[in-house]
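S.K.: Before I ask anything, let me first share the structure, which is written out below as structure tokens.
The values are calculated or read from the model by the stated rules, or taken from the named source; none is laboratory data. If you're wondering where the values come from, they're calculated on a predicted model, not measured in any experiment. A quick note on method: Cβ atoms are made from the backbone with ideal geometry, for glycine too, and the neighbour counts reach across all protein chains shown. Just the protein is used for accessible areas: all its heavy atoms, side chains included, with ligands, DNA and RNA removed. Shrake-Rupley method; radii C 1.70, N 1.55, O 1.52, S 1.80 Å.
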Amino acid sequence: MFKSLSDCYVLSNGVKIPCIGFGTWQAPDGDVAAAAVKAAIQAGYRHIDTAAAYQNEESVGRAIKECGVPREELFITTKLNNPVRGYDNTIQAFNESMEKLGLDVLDLYLVHWPAPKWTRETWLDALCESWRAMEDLYKAGRIRSIGVSNFWPHHLDPMLSRVEIAPMVNQIHLCPGDHLEPVIRYTQYKNILIQAYSPLGHGEIFKNEQMQALAAKYGRSIAQLCIRWSLQLGYLPLPKSVTAARIEENGRVFDFEISAEDMAVISSLTGCCDTAHDPDNTAF
Ligand SMILES: NC(=O)c1ccc[n+]([C@@H]2O[C@H](COP(=O)([O-])OP(=O)(O)OC[C@H]3O[C@@H](n4cnc5c(N)ncnc54)[C@H](OP(=O)(O)O)[C@@H]3O)[C@@H](O)[C@H]2O)c1
């Protein structure tokens with residue numbers, strides 16, 4: 001089991017990825033996002049998750065530049081935005097993200113959603129064109145690993161039979177209140193690492209009484225229990241906060257273990273917070 005925030009999972013292509021990522025969705029662009037990312041790096045996080053859609057890549061880039069930690073010690077993820085599909089558009093979107101982040105090489109580039117509304121009838125063809133561009137960027141050394149997000153088995157399966165390079169990561173909604181077992185099982189069966197987004201149920205998990213009782217039992221916060229639960233199941237959690245004390249707290253999860261019995265209790269809390277959006281019925 002991991003001992004610190006810089007300990008890593010190893011992706012199917014051999015690339016090492018720090019075991020907890022720092023989430024930045026809804027971290028407002030500007031000083032708030034930059035300060036949050038700097039606080040995370042200061043607290044020991046080495047893995048930052050952003051997206052073109054979050055509109056804070058410039059602030060993340062500023063924090064990377066100013067944090068004082070060498071670039072090669074950091075692992076940076078961003079994502080292809082939903083309005084973008086096609087080979088040339090994908091290359092252009094990637095270059096725009098890299099410009100904002102101030103990077104030459106990206107550690108992980110994800111397709112944010114499989115079937116944006118405007119491609120819904122032809123999502124697989126549209127996806128494969130973008131994926132071909134991502135494969136070429138990967139082969140050219142501009143991206144160290146490529147992956148997907150919000151993909152369910154019926155997206156991964158046809159994709160895998162069409163593409164040359166399989167995704168190394170699937171980033172999905174995953175917390176004690178919502179774990180889609182068929183998606184998890186299929187993704188792991190294909191040797192694709194699962195990143196758990198909204199690992200704190202977007203904040204809703206804190207109201208749950210069973211989690212409150214377990215937090216008291218372990219002398220840990222509910223957030224720490226959620227993150228630890230995720231790690232013990234082999235997922236890579238992506239907790240988000242813009243609050244320095246919480247950022248630090250969420251990274252202190254390496255000096256305790258949840259018993260098998262309590263892991264089962266936490267896993268039984270499905271329905272206690274929001275569930276994943278159906279990727280084939282999003283409004284975007
Ligand atoms: N691929 C996708 O489609 C997708 C979708 C959603 C999210 N994500 C990624 O996953 C990351 C995390 O998901 P998320 O932002 O939805 O939610 P989350 O990490 O489950 O929860 C974040 C919320 O919990 C609060 N919080 C954090 N630590 C806390 C603590 N120790 N005690 C009390 N409150 C705490 C935060 O408040 P403050 O910030 O105010 O401290 C914020 O309101 C995102 O930032 C993003 O990087 C990806």
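S.K.: Sort out which residues of the range 214-243 are within 22 Å of Thr77 (Cβ to Cβ) and within 10 Å of the ligand (Cβ to nearest atom), and write them in order of number.
M.R.: Ala223, Cys226, Ile227, Pro237, Leu238, Pro239, Lys240, Ser241, Val242, Thr243
S.K.: Condition first: in a helix (DSSP H, G or I) and of a type in the set (Ser, Thr, Tyr). Now tell me which residues in the range 209-252 satisfy that.
M.R.: Scanning the range 209-252 gives Tyr218, Ser230.
S.K.: Right, next: For the range 102-130, what are the residues that are closer than 22 Å to Ser145 by Cβ, in contact with a Pro (Cβ under 7 Å, 6 or more places away or on another chain) and in a loop (DSSP other than H, G, I, E, B)?
M.R.: Trp113, Pro114
S.K.: So the check is Cβ under 9 Å with 6+ separation or different chains; which pairs have a first residue in the range 19-41 that's without any contact (Cβ under 8 Å) to a residue 60 or more places away in the chain and more than 14 Å from Arg246 (Cα to Cα) and a second one that's open to solvent by 10 Å² or more (accessible area, probe 1.4 Å) and among the aromatic types (Phe, Trp, Tyr)?
M.R.: Asp29/Tyr54
S.K.: Could you check the range 14-47 and list, in sequence order, the residues that are open to solvent by less than 50 Å² (accessible area, probe 1.4 Å) and touching a Lys or Arg at 6+ places or on another chain (Cβ under 8 Å)?
M.R.: Those that are open to solvent by less than 50 Å² (accessible area, probe 1.4 Å) and touching a Lys or Arg at 6+ places or on another chain (Cβ under 8 Å): Val15, Pro18, Phe22, Gly23, Thr24, Ala27, Ala34.
S.K.: Could I ask something else about it? For the range 29-46, check the following and say yes or no: at least one residue is among the aliphatic types (A, V, I, L, M) and more than 14 Å from the ligand (Cβ to nearest atom).
M.R.: yes
S.K.: Follow-up. Looking at (1) at pLDDT 95 or above; (2) open to solvent by less than 30 Å² (accessible area, probe 1.4 Å); (3) more than 7 Å from the ligand (Cβ to nearest atom); (4) within 25 Å of Ser149 (Cβ to Cβ), which is the only condition Ser198 fails?
M.R.: Result: Ser198 fails condition (3) only.
S.K.: Now, a different point. What is the number of the single condition among (1) under 24 Å from Thr78 (Cα atoms); (2) at pLDDT 95 or above; (3) open to solvent by less than 40 Å² (accessible area, probe 1.4 Å) that Gln188 does not meet?
M.R.: (3) is the only condition that Gln188 fails.
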